[in-house]
1. What full-extension length gain, to one decimal in nm, is calculated for B:Asp57 and B:Ala113 as 0.36 nm per residue of separation minus the Cα-Cα distance?
2. Heavy-atom accessible area of A:Phe250 with all protein chains present, probe 1.4 Å, nearest 10 Å²?
3. Can you give the accessible area buried between chains B and A, summed over both chains, with a 1.4 Å probe, in Å² to the nearest 100?
4. Using only the Cα atoms of chain A, what semi-axes does the equivalent ellipsoid have when each is the square root of 5 times a gyration tensor eigenvalue? Give whole Å, largest first.
5. For segment A:37-119, what is the Kirkwood hydrodynamic radius in Å, using each pair of distinct C-alpha atoms?
6. If I compute solvent accessible area with a 1.4 Å probe over the protein chains, what percent of it on chain B is carbon and sulfur?
7. Return the ratio Rg/(2.2 N^0.38 Å) for segment B:42-134, where Rg is computed over Cα atoms only.
8. Calculate how many DSSP beta bridges within the protein assembly as shown are antiparallel, expressed in % of all such bridges and rounded to the nearest 5.
Amino acid sequence: MSADALTTTAVLAGRGLRLSRRNLDAVITSLMLPVLLMLVFVYFFGGAIDTGDTRYVTYVVPGVLVLCAGFGAAGTAVSVSDDMRRGTVDRFRTLDIGGVPILAGHVAATVVRNALATALVLGVAFLIGFRPAATPGGWLAAIGLLLVYITTVSWLSAAAGLLARTPEAAGAVTFFMMFLPYPSSAFVPIDTMPDWLHGFAEHQPVTPLIESMRGLLLDRPVGDAPWIALAWCAALLAVAVAASGALFRFRTK
Amino acid sequence: MPPAIETTGLSKSYGTVRVLDALDLRVETGTVFALLGPNGAGKTTTVRILATLTAPDGGHARVAGHDVVTERRAVRRAISLTGQYAAVDETLTGAENLRTTARLSGLSRTAAARRTDELLDRFRLTDARDRQVKTYSGGMRRRLDLAAGLVRDPGTTRVVFLDEPTTGLDPRSRQELWDAVRELSAHGTTVFLTTQYLEEADRLAHRIAVLGDGRTLAEGTPAELKDRYAGHRLDLTARDPEAYLRLTARAGDGTGAPGTPDPGTLTLGVPTDGTAAHVRALLDALDPHRADIERFALHTATLDDVFLSLTHRESPAKEPARVR
Ligand SMILES: Nc1ncnc2c1ncn2[C@@H]1O[C@H](COP(=O)(O)OP(=O)(O)OP(=O)(O)O)[C@@H](O)[C@H]1O
Ligand SMILES: [Mg+2]
């Protein structure tokens with residue numbers, strides 16, 4: 001990316017953040033909901049779920065963080081679709097700003113929003129008994145993986161926002177991304193799920209991600225899970241960026 | 001000097017609707033050009049093609065010397081656009097909107113702040129600068145949108161497109177926009193605007209084109225158009241239904257100009273240039289015995305009149321009109 005494109009993306013990301021700060025719904029969805037969900041999981045379901053000798057709150061935090069990435073990404077789809085529907089995209093295009101910086105601005109704003117949500121969730125988690133054993137390197141790796149995942153789902157969501165004709169439809173398209181963490185080891189161990197789900201749960205991107213984050217946070221061996229998670233994200237990101245470039249050209253023909 | 005805008009045989013269809021059908025336009029550098037037309041005539045489509053936002057199906061268009069399809073980037077560097085529908089963010093403040101647009105058009109942080117202040121001042125939005133746009137009135141929002149369209153350095157912007165810039169503005173704001181347009185043109189910037197108001201085109205534009213059936217129905221200076229197509233309309237009210245029939249018969253047989261009959265009110269509208277001599281001549285021609293006309297009223301022509309007059313003259317002879 002050229003310096004110009006970087007400045008453009010940064011300015012657009014600033015705009016995206018300002019827009020979401022003024023939108024109470026978005027603030028609640030992206031900051032409060034993840035915290036509330038964690039409390040629900042820990043206090044309502046936690047007692048019924050056997051996670052071995054790990055406390056449930058420690059077990060579930062990575063899952064909640066991944067889930068909240070999905071919520072944040074849903075916001076990307078809605079704001080992209082909103083820009084496309086109004087005259088905004090026309091003005092940007094006459095300023096010779098292409099589809100990629102426009103979407104990258106929204107994605108960057110989502111990543112920043114999500115980083116805040118992540119910090120908030122971690123803070124509350126500590127208060128209610130989350131006791132990770134991670135090394136500093138483990139923390140960095142876990143947070144890094146999470147950011148890569150957030151970026152990936154936001155780009156997928158941005159592409160969905162281009163595909164959808166209305167912001168409401170865009171919200172619906174991203175439902176899938178919010179759903180993805182459930183059939184994985186995010187909230188309950190996979191071996192407690194019905195047999196037919198094992199195949200999917202073990203071979204979807206969220207499982208290696210959760211396994212790596214949990215392993216890194218508890219300072220346990222993670223094997224090649226981080227690499228599998230990264231490979232998934234890289235492939236999905238490449239698809240999302242290519243698809244959104246093509247969709248943008250198609251929508252603005 | 002090459003023209004700022006030149007189109008040849010420009011055409012565009014949406015599905016089976018042929019919006020533009022071999023449109024030819026030429027706009028000289030530094031002039032104000034107004035494109036007139038009723039709803040759905042294709043004004044916005046024309047602006048979008050010229051501003052590189054939509055690709056034409058056929059024909060060519062050059063803006064600031066560059067082809068709008070093959071040299072898109074060069075065109076974009078030379079233009080700015082305020083579209084028909086607002087492109088400002090409702091939940092940002094007026095100042096934030098302008099600053100963002102200024103930064104996006106390549107100004108540095110300090111230059112963007114300075115330009116924002118200038119534009120807020122020029123469009124009387126300084127008091128509302130830190131309020132969210134959703135609290136603005138319709139006219140304020142329109143003014144902000146226009147300001148955002150003019151954010152670029154006027155020195156590098158060579159063609160400014162304004163799609164119905166004054167729709168929804170009160171007279172004072174309209175006047176201010178007109179001043180801004182004149183100022184741009186005085187600096188050598190070409191302004192291409194669309195409007196529904198003949199008066200606006202009349203006051204502002206060096207040349208006017210009337211769009212209809214996907215092509216130019218008429219093109220010329222405001223004075224030329226008025227000369228050619230009725231600057232005023234004379235409404236004649238007949239004494240009784242028989243008198244009305246006699247009047248319409250005389251108007252139709254070439255004695256007078258073709259008129260617009262309204263049997264309900266026994267009124268016949270006739271185009272005129274509004275001079276005493278022509279009105280007197282018309283009255284004499286249509287009512288030689290001074291018995292049929294009860295009252296008359298003289299109106300300044302509206303866009304409707306020009307249209308009626310244009311379609312009236314052109315529709316029976318569509319083909320010759322095209323040969324020119
Ligand atoms: N994206 C589109 N898809 C389908 N039809 C379109 C599209 N854009 C414009 N049209 C059609 O093209 C015609 C011309 O539209 P356009 O917006 O250019 O008219 P206009 O002169 O700007 O009208 P108005 O005065 O109402 O703004 C209309 O019949 C419109 O329905
Ligand atoms: Mg229009």
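1. 16.1 nm
2. Accessible area, nearest 10 Å²: 120 Å².
3. Buried surface at the B/A interface: approximately 2300 Å².
4. Sorted largest first and rounded, they come to 33, 18, 17 Å.
5. Hydrodynamic radius (Kirkwood, Cα pairs) of segment A:37-119 is 15.2 Å.
6. On the way: 7680 of 14720 Å².
Using a 1.4 Å probe with all protein chains present, chain B comes out at 52 percent carbon and sulfur.
7. Normalised Cα radius of gyration, segment B:42-134: 1.30.
8. Of all bridge pairs located within the protein assembly as shown, approximately 65 percent are antiparallel.
The values are calculated or read from the model by the stated rules, or taken from the named source; none is laboratory data. Quick caveat: nothing in here was measured; it's all calculated off a predicted structure. Glycine gets a Cβ as well: all are built from the backbone with ideal geometry, and neighbour counts include every protein chain shown. Remember, those area values only see protein heavy atoms, side chains included, never the ligands or the DNA or RNA. Shrake-Rupley method; radii C 1.70, N 1.55, O 1.52, S 1.80 Å.
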